Amino acid sequence: SPPDTGSASETITVTAAAVIPTVHIDLPAPGATVSGSVTVAGWAIDNASTVGTAIGSVHMLVDGVTVGTATYGVSRTDVCAAYPGRPGCPNVGYSYSLNTATLTPGSHTITVTATDSASPPDTGSASETITVTAAAVIPTVHIDLPAPGATVSGTVTVGGWAIDNASTVGTAIGGVHVLVDGVTVGTATYGVSRPDVCAAYPGRPGCPNVGY
């Protein structure tokens, strides 16, 4: 016998898919090894496929957690030449100073999100992975003599102190050199007693003899 067919019908409403903002990260490069304060910069428009609305905000995330709001409005004429007519052009760049010293050394994912001013707003994002290393903590050097801007002649004593360092206990100072206009003119005598310095920065190797 011939097959029988049954059916059921219903009505649905189709809307256009949201076209989300386009976000690009220029700095740092993907996979970069960074430390200290790092500039995260790039651009965001709404969007690469059609002219949308203005970008309302750009946020910075690390490992999925929002850490701050980027400065949006940096001039990017190159982007607007490629995507003409986007609201905000040519000021569609963003910049954010990321303090990586608050992050544990290792791999981290940075994400930049941009939200447009449509109703309801749409959000687009870009992500990349960076490697964070501990920033080198360099010796702290202070010049006591001569005073800044002093007028001098003949033989002049250059004196002060040096420790490793003002923020943490490092290693011993190996040598102190004096330069004039960027050129080394000699090696300073290091090891002058400076108990005042060691009282302010206790436990530094060489204390109390950290003067030069």
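Values computed for the structure shown
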| item | result |
| --- | --- |
| Around S117: net Lys/Arg minus Asp/Glu count, Cβ-Cβ under 15 Å | -2 |
| Whole-percent carbon and sulfur share, accessible surface of region 4-100, 1.4 Å | 54 |
| Heavy-atom accessible area per residue - region 126-178, 1.4 Å, Å² | 61 |
| Contour minus Cα-Cα distance for S167 and D196 (0.36 nm per residue) | 8.8 nm |
| Descending principal axes extents, region 22-86, alpha-carbon based, whole Å | 37, 21, 19 |
| Label-point gap, in nm, between T184 and V156 - each point 7 angstrom along Cα→Cβ | 2.1 |
| Burial order of peptide ranges 64-76, 103-115 (average beta-carbon count within 10 Å, highest first) | 103-115, 64-76 |
| Ranked by how many other beta carbons lie within 10 Å on average, peptides 134-142, 147-155, 193-201, 53-61 from highest | 53-61, 193-201, 134-142, 147-155 |
| Label zone at A136 (point 7 Å along Cα-to-Cβ), backbone N below 20 Å, region 153-180 | 162-179 |
| Residues with amide H under 5 Å from that of G68, placed H, sequence gap 5 or more | M60 |
| Summed residue charge, Cβ within 15 Å of E128's Cβ, Lys/Arg positive, Asp/Glu negative | -2 |
| Alpha-carbon gyration tensor eigenvalues x 5, square-rooted, for region 72-123, Å | 28, 16, 9 |
| Highest-first arrangement of 83-96, 158-171, where packing means the average Cβ count within 10 Å | 83-96, 158-171 |
| Cβ-based net charge around I55, under 10 Å, with every Lys or Arg adding one and every Asp or Glu removing one | -1 |
| Region 99-211: projected area of the alpha-carbon convex hull, averaged over directions, in nm² | 12.9 |
| Whole-angstrom Cα spans of the chain along principal axes, big to small | 113, 44, 26 |
| Rounded accessible area per residue of region 1-52, 1.4 Å, Å² | 68 |
| Inter-probe distance in nm under a simple model that places probes 7 Å from Cα toward Cβ, at T123 and A101 | 3.0 |
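The values are calculated or read from the model by the stated rules, or taken from the named source; none is laboratory data. In this text, all values refer to a predicted model and were calculated from it rather than measured experimentally. For neighbour counting, all protein chains shown are included, and Cβ atoms are generated from backbone atoms with ideal geometry for every residue, glycine included. Each accessible area value is taken on the protein alone, full model and side chains, heavy atoms only, with ligands, DNA and RNA left out. Shrake-Rupley method; radii C 1.70, N 1.55, O 1.52, S 1.80 Å.
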